[in-house]
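Below is one structure; the comments refer to it alone.
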Amino acid sequence: MEENLLLVEKFKIQGRDFDRAGEASSQIKTILKKLNIPPSVIRKATIAAYETEMNIIIYAYHGVMTLKVYKNKVKVIAEDKGPGIPDINLAMQEGYSTAPPEILEMGFGAGMGLANIKKNSDILEIKSNVNKGTTVTFEVSINEQHK
Amino acid sequence: MNNISNLHSIKIKSENCVGCTNCLRVCPTEAIRIKNGTAIIKDLKCIDCGECIKHCPHLASWAQSDDLRIISNYDYRILILPSSFNGIDFLDIEPETIFKRIFALGFNEIWEEGIGAELYLLQTEKWLEMNAKKRPLISTSCPSVIRLLQVSFPTLIPNISPINAPKDLLAFFIREQRRDIKNLGVFYLAPCPARVTSVRNTQGLKKSPIDGVFDSKDLYRRIIKNNIISEGKIFKAGRIGLSTGTIGGEGAFLKEKRVIKIDGIREVKNFIEKLEEEKVPPFDFLEAWACPTGCTGGILLPVNNISIASYELEMSEKQRTNDFSSDIDTPKLYESLSKKTVFLDSKIKPRPQYFLAEDVTTAAKIMEKTKLIYSRLPKIDCGSCGAPSCYAFAEDVAKKEAKLIECIFLGKKSTKKNKQEKKSAME
């Protein structure tokens, strides 16, 4: 049992399921609101979670997002089965995208996803195996100043 | 003022309430529970949108306003008519006769709220020009939308316009114009419960400039029945002012800006969810109304059909000869108004009602408990327990505000799932 862990919630995400896009991050927002997490933390965590969710939908076959709420932080772990990211540093660059044309037509895949996750989180860790999948883990900390 | 809870104007007549679940389902903030066969409203959650009144077949849900007799406490009496008043079909009574009958009720002057709306829009346009950063700006016109932000979306409170709602702006303006009159009473005819509450329990204003607020339906009956007439002064709005009585009026004036318009509290709530998650393209101004079609859909407005009300309003707009009021030179005056008249004088405070407990550890425990309880419920949201959904019921039980035995299915074991379980056990 991890110290100060208060709540764990899992969300299954299906690749290319645009009809349900954003559902998991909306639910994450609802949960954090119900827990009375400071609004600025909710905002950052929800935006980062949305980008993470969209990355799975756009690029992967399927994945699971796990929300972990601690006394002092909100953590999201997103594990997917998919093509993986060959060069993480390149993928982190704003505007870099490998999204196919049909995705770009839908208004997604502008290459801001990972950069946005980084901007809205305090810790970001990306592990990837090409042709196997990617695990994105981010944390947003809850400081005293938020309260 | 009356010794009542001023947090909301919507009340339940327990003698009429049969404990059906109509109101329960339509409340956008899940503020209603049915306990012992009667609906009760959670005071802090109610945003006065009026959905429950609209859907109550037993006339148990109603809105409390002031008794017209209170005007006798004032020597000089001014009534502000909402812009949506012109959406009312007064059968064959001439507009001028309607005014004369209102004067006969004891009023010395009648002002159309549209004049306030013209000043409000001119000020809003100027504010948008001067402040390029704060976007989108959320209109203060619908008090129910403001309540929704306070209760469910406090992060968006900074986006609320700093400019007084049209009726308040006009009331301050009238007070300035009539400052020499002793014992002046300024009153407002409300098209909805939210506007009643916005006078009694102000948000962003230390004190309302309005002394009393009346129910439009009640005044309508008096106008129809009473054929006594009297004289008084009338101040009319122009086409622009009148047009704000229905959705699109504000947006049409701010046509140089990017305006998003929404009506109906459910649609408003859905949109604001998206706005909070930053999934909305950048825009300048949000014109959001709790009622369908805006104030012409107000629950206290005596109309049979809201589309007819919007139509009637448009017809009376066409009869006005000027864009702006011909009685008050609003385009000339708006820049010389005092700060007190134009701007809110205090902060709109968040009133968050969405969390399970103040403390995160306690809240997480309640959420875990809720999950466990929810897994045992039939998930058909029948409402028989008195909560709006199985999930809301599970939360109530976890918070010890309800008892598990109140779920009629847990006792009877007659849900689809249970039937299937029984069936498979027999096979």
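The values are calculated or read from the model by the stated rules, or taken from the named source; none is laboratory data. The shown structure was predicted, so the numbers you read here are calculated from the model rather than taken from an experiment. Using ideal geometry, Cβ is built from the backbone for each residue, glycine included, and neighbour counts are taken over all protein chains shown. Ligands, DNA and RNA are stripped out before the accessible areas are found, and what is left, the full protein with its side chains, is counted by its heavy atoms. Shrake-Rupley method; radii C 1.70, N 1.55, O 1.52, S 1.80 Å.
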Single match in B:I32, B:I88, B:I78 (criterion: more than 21 Å from the chain's Cα centre (by Cα) and open to solvent by less than 70 Å² (accessible area, probe 1.4 Å)): B:I78
Filter result for the condition that a residue is open to solvent by less than 50 Å² (accessible area, probe 1.4 Å) and either within 11 Å of chain B (Cβ to nearest Cβ) or in contact (Cβ under 8 Å) with a residue 60 or more places away in the chain (or both), over A:K71, A:K75: A:K75
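Residue by residue, here is whether (1) within 21 Å of B:L301 (Cα to Cα); (2) surrounded by 22 or more Cβ atoms within 10 Å (Cβ to Cβ) holds:
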| position | (1), (2) |
| --- | --- |
| B:T244 | yes, yes |
| B:G251 | no, no |
| B:K257 | no, no |
| B:G264 | yes, no |
| B:K269 | no, no |
| B:K274 | no, no |
Search result, residues across the stretch A:31-67 that are under 21 Å from A:E3 (Cα atoms) and either away from chain B (no Cβ under 14 Å) or open to solvent by 40 Å² or more (accessible area, probe 1.4 Å) (or both): A:N36, A:M65, A:T66
Residue match in the stretch A:18-29 (condition: at pLDDT below 95, part of a loop (DSSP other than H, G, I, E, B), within 30 Å of B:L372 (Cβ to Cβ) and open to solvent by 10 Å² or more (accessible area, probe 1.4 Å)): yes
Check on B:R101, touching a residue at least 12 places away in the same chain (Cβ under 8 Å), among the charged types (D, E, K, R) and assigned to a helix (DSSP H, G or I): yes
Condition broken by B:E358, with the remaining ones in (1) open to solvent by 50 Å² or more (accessible area, probe 1.4 Å); (2) more than 33 Å from the chain's Cα centre (by Cα); (3) within 14 Å of another protein chain (Cβ to nearest Cβ) satisfied: (2)
Among (1) part of a loop (DSSP other than H, G, I, E, B); (2) modelled with pLDDT under 95 - the single one B:K274 does not satisfy: (1)
Residue within the stretch B:368-391 that is hydrophobic (A, V, I, L, M, F, W, C), surrounded by 20 or more Cβ atoms within 10 Å (Cβ to Cβ), within 13 Å of chain A (Cβ to nearest Cβ) and more than 27 Å from the chain's Cα centre (by Cα) present: no
Condition met for B:S65 (open to solvent by less than 40 Å² (accessible area, probe 1.4 Å) and either in contact (Cβ under 8 Å) with a residue 60 or more places away in the chain or on the phi < 0 side of the Ramachandran plot (or both)): yes
Single residue of B:S61, B:S144 found to be modelled with pLDDT under 95, in contact with a Cys (Cβ under 7 Å, 6 or more places away or on another chain) and of a type in the set (S, T, N, Q): B:S61
Members of the stretch B:319-333 that are in contact (Cβ under 8 Å) with a residue 40 or more places away in the chain, closer than 22 Å to B:L169 by Cα and either within 14 Å of another protein chain (Cβ to nearest Cβ) or outside any helix (DSSP H, G or I) (or both): B:N322, B:D323, B:F324, B:S325, B:S326, B:D327, B:I328
In the stretch B:277-318, residue farthest from the other protein chains (Cβ to nearest Cβ) [restricted to those that are closer than 14 Å to B:S144 by Cα and in a helix (DSSP H, G or I)]: B:C295
